[in-house]
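Colleague: Encoded as structure tokens, here's the structure I'll be asking about.
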Amino acid sequence: YSQCVLKPKTTDEVSQILSFCNDQKLAVSPQGGNTGLVGGSVPVFDEIVLSLNLMKNIVTIDDTSGILVCESGCVLEYLDEELANHGLMMPLDLGAKGSCQIGGNVSTNAGGLRLLRYGNLQGNVLGIEAVKANGEVLDCLSALKKDNTGFHLKHLFIGSEGALGVVTKVAIQCPPKPEAVNLAFLGVESFDRILSTFRRAKRELGEILSSFEMIDEQSIGAVIGHLKVKSPIDEYPFYVLIETQGSNDAHDQEKINNFLENIMGDGTVLDGTVTNEPSKMRVIWDLRERIAEAFLHDGYVFKYDITLPLEKFYSIVDVMRERLGSEVLRCCGYGHVGDGNIHFTVTTKEFSQDILKKIEPFIYEYTSRLKGSISAEHGIGFRKPQYIHYSKSEAAIQLMKDLKKMMDPNGILNPYKNRPWNTSHRSYRFVKGGADVTKREYPHVVALGFYNKTKKVYTFSCGGSLISNKFVVTAAHCIANVDGNKLEIVRMGTDTILSEAEAIEPLLDHIVKNVFINPNYNSKAKSNDIALVELGKEVAFTRDVRPACLHTEDQIPSKMKIAGWGKLSFLGDKSVVLQKATVSSISIQECARRYARYNKNVGGAQVCAQDDKTDACPGDSGGPLQTEDNGLFTVVGVISFGVACGFGVPGNTYNIRRGNFNCVEEEHLYFFRRILGETRIVTDLSDLEKYNVDWNKHLRGASTIVLKPKTTEEMSQIVSYCNNNRLAVCPQGGHTGVVGGATPVFDEVIISTELMNEIISLDEKSGILTCQAGCILQNVNDYLAEKNLIFPLDLGAKGSCQIGGNVSTNAGGLRVLKYGNLHGNVLGLEVVQADGEILDFLSTLKKDNTGYHLKHLFIGSEGTLGVITKVAIQSKQRPKSVQIAFLGLQNFDQVLKTFYKSKQDLDEILTAFEVIDTPSMDLVNEKLGMQSPIGQYPFYVIIETTGSNEGHDQEKLNKFLESCLLKNFVLNGTVTAESNKYRAIWEIREKIPQGFAKDGYVFMYDISLPLDNYYRLVEDMKQHMGTLSHRVFGFGHLGDGNLHLNISVKEYSSQLQQFIEPYIFERTKLYNGSISAEHGMGFLKAKYLPLMKSPAAIKAMRNIKRIMDPNGILNPYKVLA
């Protein structure tokens, strides 16, 4: 019912609009192409529609790095067309690409057809500009592949559906446009055969496999029957589309033909065809992409976007067919097997409420039981918030609420969407002048559920207080005047309650056995308005459910608290989240005087209470008027009546210093010993040394204790205890960092994850590994090698660094160029919060768009927001072929030209592109006796390729080198696939840091820069240092813009450090770079955070830290100085 659409053209206009709307409390519905399927961009009531259609400018396209920066209103197909002129393509392909906009794609974390090859948006989006609800512009628009300066705030906006901010600009990594595209269409007998085909496609097609789609017989029948699209093969129970994209058409055709010959030869596939002709490919893709259109011809369509583990991918269709029987026209499924996303569909002649009830919520319950996701790529929007608990834990939902309140306190941004605590209610506050309760704040407050026979739903219209394991106290008028609706249930143990429920929730609802109304209750006078509700079974008390006491003294407290799910205001709507407020008592005499003009009598056993700004409202009846003392609640009375809440009513009845942390005492040791025993606690000074001193031996802490838990539960108990006793904690993995992130600053309790080293599971079909945080990277990679898989991360410290530490620092390493960053590869995390709460985000799904993507808060936040205990990560197919080239070049401009050409010619097999300058090579030569295999040159480049066919890879690499030599990009070079020569070349690169120890004192800097400025910083620092340094040298991962700049001097001096810093960081900022590419901020760089993050971003980081670690015990003094 929106009556207003605004179309800003600039970020500044968006900022002004949102600021005004926030001040005026005008709800806003951000809208892109409006192509979503769950109502995420459609106004529910009269929200102002903020259309981004006119924000459609491309800001920059960097041909060398492949990074695009554009405004959020750019249509996806338009971007693809523009990028094609630069030899690039978008990493995203959707059926709605002709109208969907990139801002909407990012806001919903859209997946699409080619996620299998190009990864998800969490991995491809490098930066975002977003406008918060108050109009504040958050500039997270980094155009760098590596930037680990503080919390990765951009991920708050990817997938949060406009509920936390409006995305206005996007920086995204774009891959080279493929030279060759092939498409196969296959007929298969069973879904098991589809899984076999998928496993073999990954192994045999490897790096060129871009899509693997499945269609069942009923789905393709709709397209053939209604749209008259012809299938190129006969009828089969299942069909598979396999697309390959690569840089060499002949190689790709050979691979796919060999693959088809093998799987058809052994009967895995019954029939098939393959083509690279555009017209024929279009027909085949129509069979897949026009399915949704064809279903509309059946009548009404029930559509569900679900992710399931591959073994159970199609089981949902079989189960629902049995459940629905012949009542429906079709019950079928199709989708992206490559990422586990099935589009389950039911069609009928017309909409049927009975059919809907048979599908929902059963389909979500079933999905949840199989550890799937109720929303793979379409989000939660308006249609699914009531079901989000099937995919998100209570703790996760609470964190979502806290983040929403922080980012949008007035709730104006896309209300009613992506929020499990809100549905179709138009108001934002309920107990008048009240606030949302915090988790478990009022565990005794309950809601009374009355069964409405007409609507066949339970309605919650009154509250109450649990006062024992069998009884609830409430208001008599709640039970006596229910218009024929019978009180049947009492709901407890939750702060979030919808006004209606279609079914009983077994974990929350308790059946009513009897009710006892005060025999002296007078409905007209509302005197003696009290009743007891007896429950059918005794209540088991938990952290979420506890009783309150009853007030037994004559004296009425002056200040009390009220709570309820009532209305915002007298004319408002009911709350979904339990509200709280503080009120003051009023004498009976004064209350009677005030009520006289309303013809109401007050006296006897009644209590009056109110404040100027807070009050109880309709729907709060029966709830408690109470006091609280250290978590112990005492019910003084029940809310009975008032006059027009909120309209002047007379009253209702009812330089671093050690933080302020404690030191470890004997009583604390006693607790830790009780949890861990003696053997997993380190207190001996000599044994503490390696935990207190960082890898570079530059920093030394003073911790007196190291704790070594083995399980998440032990970690939870330890962290909870430390939080309650104000003991600061330093989480520690392999302790290989170089910025002091895992080294204690003072006497923090070190919690080492070294004994949390179990590999939990590996799904060999999908390649998804789940392990504890203390697993050593090399050990995990060795384990995967046995399964023909490889970890997507490779570091010099792989022999000692741990997976949890890698994730906590968002480690990059050598092969980000091919395998992407950890934001794109980490599928799930288990994390222990500062209060000991275990956050279970341990999804093993490639697509899961149910609510905010909370796991990304912990990737790169260096243990300051929570302690990672388990990780689920996407491993990759282990390559059959590995080649390495070592090249000599004349200048850095030739290095850039060689890199650009390598992306064009080597594309899918290009794994690493490393650069080494002359001073770096001189260092390993002088100090380690290692020599260049090709002589001396100003610059050296290492290129690694990995692929599935050695002959093809060698041919590509040799052709590339011939071309580079012919164009004089490269002066000399050598290529090898021999393991000993391969290892010798990598040792030159990897042992440069070992030369540091023999070159005096070295100031080391881990920096990320746009490629045009990559080596300019080294030259600046040479000029700046002059004769003060022995050597200034640079080497690093040119493929992702990461430069390791090092300055060696005779010995350390603070004057030299002050001469270098902050100059080097200021120059980095001048060149639009990052002062920390992959090592994080830790302790050493925390004070320079304002150089990298805007005041608005730092404020957001501090607020997030305050929400998640209010006592500041987790890794203090790090990241946020």
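The values are calculated or read from the model by the stated rules, or taken from the named source; none is laboratory data. Small disclaimer: the values here were computed from a predicted structure and weren't measured. Positions of Cβ are generated from backbone atoms using ideal geometry, with glycine treated the same way; all protein chains shown enter the neighbour counts.
Colleague: With the structure loaded, tell me whether Pro1095 is within 23 Å of Met407 (Cβ to Cβ) and over 24 Å from the mean Cα position of the chain (by Cα) or whether it fails that test.
Modeller: Criteria not met by Pro1095.
Colleague: Return the pairs, sorted by first residue and then second, in which the second residue is of a type in the set (Lys, Arg), the first residue lies in region 1-29 and is closer than 11 Å to Ile48 by Cβ, the beta carbons are less than 9 Å apart, and the residues are 6+ apart or on different chains.
Modeller: Partner pairs satisfying both residue conditions: Leu18/Lys132; Ala27/Arg426; Ser29/Lys417.
Colleague: Does region 199-214 hold any residues that are buried (at least 23 other Cβ atoms within 10 Å of the Cβ) and either of a type in the set (Val, Ile, Thr) or out of contact with any strand residue (DSSP E or B) (no Cβ under 9 Å at 6 or more places or on another chain) (or both), and which are they?
Modeller: Correct list: Ile208 only.
Colleague: Related question: Just to be sure before I move on: is Ile1047 buried (at least 22 other Cβ atoms within 10 Å of the Cβ), among the aliphatic types (A, V, I, L, M) and modelled with pLDDT of 95 or more in the structure I sent? Step through it out loud before you land on a result.
Modeller: Details: buried (at least 22 other Cβ atoms within 10 Å of the Cβ): yes; among the aliphatic types (A, V, I, L, M): yes; modelled with pLDDT of 95 or more: yes.
For Ile1047, the condition - buried (at least 22 other Cβ atoms within 10 Å of the Cβ), among the aliphatic types (A, V, I, L, M) and modelled with pLDDT of 95 or more - is met.
Colleague: For region 989-1003, enumerate the residues that are more than 17 Å from Leu795 (Cα to Cα) and either at pLDDT 95 or above or not small (Gly, Ala, Ser) (or both).
Modeller: Phe996, Lys998, Asp999, Tyr1001, Val1002, Phe1003
Colleague: Okay, moving on. Can you tell me which residue in region 458-483 is farthest from the chain's Cα centre (by Cα), limited to those that are under 16 Å from Leu508 (Cα atoms) and of a type in the set (A, V, I, L, M)?
Modeller: Val472
Colleague: Next question. May I ask you to verify whether Ile838 is surrounded by fewer than 23 Cβ atoms within 10 Å (Cβ to Cβ), modelled with pLDDT of 95 or more and not acidic (Asp, Glu)?
Modeller: Taking the combined requirement at face value, the residue satisfies it.
Colleague: Considering region 829-859 alone, what residues qualify as being among the hydrophobic types (A, V, I, L, M, F, W, C) and in a loop (DSSP other than H, G, I, E, B)?
Modeller: If the condition is that a residue be among the hydrophobic types (A, V, I, L, M, F, W, C) and in a loop (DSSP other than H, G, I, E, B), then Ala834, Leu842, Leu845, Phe858, Ile859 are the ones that fit.
Colleague: Every residue in region 14-43 that is of a type in the set (A, V, I, L, M, F, W, C) and modelled with pLDDT of 90 or more, please.
Modeller: Taking region 14-43 and keeping what is of a type in the set (A, V, I, L, M, F, W, C), we get 14, 17-18, 20-21, 26-28, 37-38, 42.
Val14, Ile17, Leu18, Phe20, Cys21, Leu26, Ala27, Val28, Val42 - these are the residues of region 14-43 that are of a type in the set (A, V, I, L, M, F, W, C) and modelled with pLDDT of 90 or more.
Colleague: Just to verify a result, which residue in region 374-385, among those that are buried (at least 20 other Cβ atoms within 10 Å of the Cβ) and either assigned by TED's automatic domain parsing to the domain that holds His853 or not small (Gly, Ala, Ser) (or both), is modelled with the lowest pLDDT?
Modeller: Only one residue fits best here, namely Pro385.
Colleague: Suppose we keep only residues that are among the aliphatic types (A, V, I, L, M) and assigned to a loop (DSSP other than H, G, I, E, B) within region 742-775. Which one would you say is modelled with the lowest pLDDT?
Modeller: Checked region 742-775; the qualifying residue modelled with the lowest pLDDT is Val745.
Colleague: Could you please find all residues in region 926-949 being out of contact with any strand residue (DSSP E or B) (no Cβ under 9 Å at 6 or more places or on another chain) and within 14 Å of Gly888 (Cβ to Cβ)?
Modeller: If the condition is that a residue be out of contact with any strand residue (DSSP E or B) (no Cβ under 9 Å at 6 or more places or on another chain) and within 14 Å of Gly888 (Cβ to Cβ), then Gln931 is the only one that fits.
Colleague: Which of the residues belonging to region 776-806 are among the polar types (S, T, N, Q) and assigned to a loop (DSSP other than H, G, I, E, B)?
Modeller: Passing the criteria: Asn788, Ser800.
Colleague: Assess whether Gly111 counts as being touching a His at 6+ places or on another chain (Cβ under 9 Å), assigned to a loop (DSSP other than H, G, I, E, B), under 20 Å from Glu289 (Cβ atoms) and not assigned by TED's automatic domain parsing to the domain that holds Asp234.
Modeller: Yes.
Colleague: Given Leu532, Leu507, which one is at pLDDT below 90 and either touching a His at 6+ places or on another chain (Cβ under 7 Å) or within 29 Å of Asp629 (Cα to Cα) (or both)?
Modeller: Criteria check complete, one pass: Leu507.
Colleague: Closer than 30 Å to Leu669 by Cβ, surrounded by fewer than 23 Cβ atoms within 10 Å (Cβ to Cβ), of a type in the set (Val, Ile, Thr) and not assigned by TED's automatic domain parsing to the domain that holds Pro91: which single residue out of Ile760, Ile776 fits that description?
Modeller: On the way: Ile760 fails: closer than 30 Å to Leu669 by Cβ.
Testing whether each residue is closer than 30 Å to Leu669 by Cβ, surrounded by fewer than 23 Cβ atoms within 10 Å (Cβ to Cβ), of a type in the set (Val, Ile, Thr) and not assigned by TED's automatic domain parsing to the domain that holds Pro91 leaves just Ile776.
Colleague: Check Ile388 against each of (1) touching a Leu at 6+ places or on another chain (Cβ under 8 Å); (2) at pLDDT below 95; (3) β-branched (Val, Ile, Thr) and name the one condition it does not meet.
Modeller: Just one mismatch for Ile388, condition (1).
Colleague: Can you give me the number of residues within region 612-633 that are at pLDDT 65 or above, out of contact with any Leu (no Cβ under 8 Å at 6 or more places or on another chain) and not in a strand (DSSP E or B)?
Modeller: 5
Colleague: How many residues are polar (S, T, N, Q) and modelled with pLDDT under 95 when one looks only at region 66-98?
Modeller: Residues meeting the conditions: 0.
Colleague: Do we find that Val533 is surrounded by 15 or more Cβ atoms within 10 Å (Cβ to Cβ) and either within 25 Å of Gln610 (Cα to Cα) or out of contact with any strand residue (DSSP E or B) (no Cβ under 6 Å at 6 or more places or on another chain) (or both) in this structure?
Modeller: Here the answer is no, as Val533 does not meet what is asked.
Colleague: What helices (runs of 4 or more DSSP H) completely inside region 919-1011 contain at least 3 residues that are assigned by TED's automatic domain parsing to the domain that holds Leu1038, surrounded by fewer than 15 Cβ atoms within 10 Å (Cβ to Cβ) and of a type in the set (Asp, Glu)?
Modeller: Correct list: 950-966.
Colleague: I've got another one for you. Report yes if some residue within region 782-801 is surrounded by 21 or more Cβ atoms within 10 Å (Cβ to Cβ), touching an Asp or Glu at 6+ places or on another chain (Cβ under 9 Å) and closer than 14 Å to Ile868 by Cβ; otherwise report no.
Modeller: no
Colleague: Among the strands (runs of 3 or more DSSP E) contained in region 1-104, which hold 2 or more residues that are closer than 20 Å to Lys417 by Cα and not charged (D, E, K, R)? Step through it out loud before you land on a result.
Modeller: Values: elements: 28-31, 48-51, 58-62, 67-71.
Strands (runs of 3 or more DSSP E) meeting the threshold: 28-31, 48-51.
Colleague: For region 860-903, which positions are of a type outside the set (Ser, Thr, Tyr) and part of a loop (DSSP other than H, G, I, E, B)?
Modeller: Across region 860-903, the qualifying residues are Gly860, Glu862, Gly863, Leu865, Gly866, Arg878, Pro879, Lys880, Gln890, Asn891.
Colleague: A further question follows. Would you please name the residue that is modelled with the highest pLDDT, looking only at residues in region 537-558 that are surrounded by 12 or more Cβ atoms within 10 Å (Cβ to Cβ), in contact with a strand residue (DSSP E or B) (Cβ under 6 Å, 6 or more places away or on another chain) and farther than 19 Å from Gly622 by Cβ?
Modeller: Of everything passing the filter in region 537-558, Pro557 is modelled with the highest pLDDT.
Colleague: Out of (1) over 31 Å from the mean Cα position of the chain (by Cα); (2) within 21 Å of Val739 (Cβ to Cβ); (3) at pLDDT below 95, the odd one out for Phe1035 is which?
Modeller: The single condition Phe1035 does not satisfy is (3).
Colleague: Of all residues in region 275-327, which are part of a helix (DSSP H, G or I), within 29 Å of the chain's Cα centre (by Cα) and among the basic types (Lys, Arg)?
Modeller: Lys312
Colleague: Go through Thr459, Thr494 for me and flag whichever is outside any loop (DSSP other than H, G, I, E, B), of a type in the set (S, T, N, Q), within 20 Å of Gln386 (Cα to Cα) and not assigned by TED's automatic domain parsing to the domain that holds Phe362.
Modeller: Values: Thr494 fails: outside any loop (DSSP other than H, G, I, E, B).
That would be Thr459, the only listed residue that is outside any loop (DSSP other than H, G, I, E, B), of a type in the set (S, T, N, Q), within 20 Å of Gln386 (Cα to Cα) and not assigned by TED's automatic domain parsing to the domain that holds Phe362.
Colleague: Quick one: count up the residues across region 182-213 that are of a type in the set (A, V, I, L, M, F, W, C) and in a helix (DSSP H, G or I).
Modeller: Residues that pass the stated criteria total 7.
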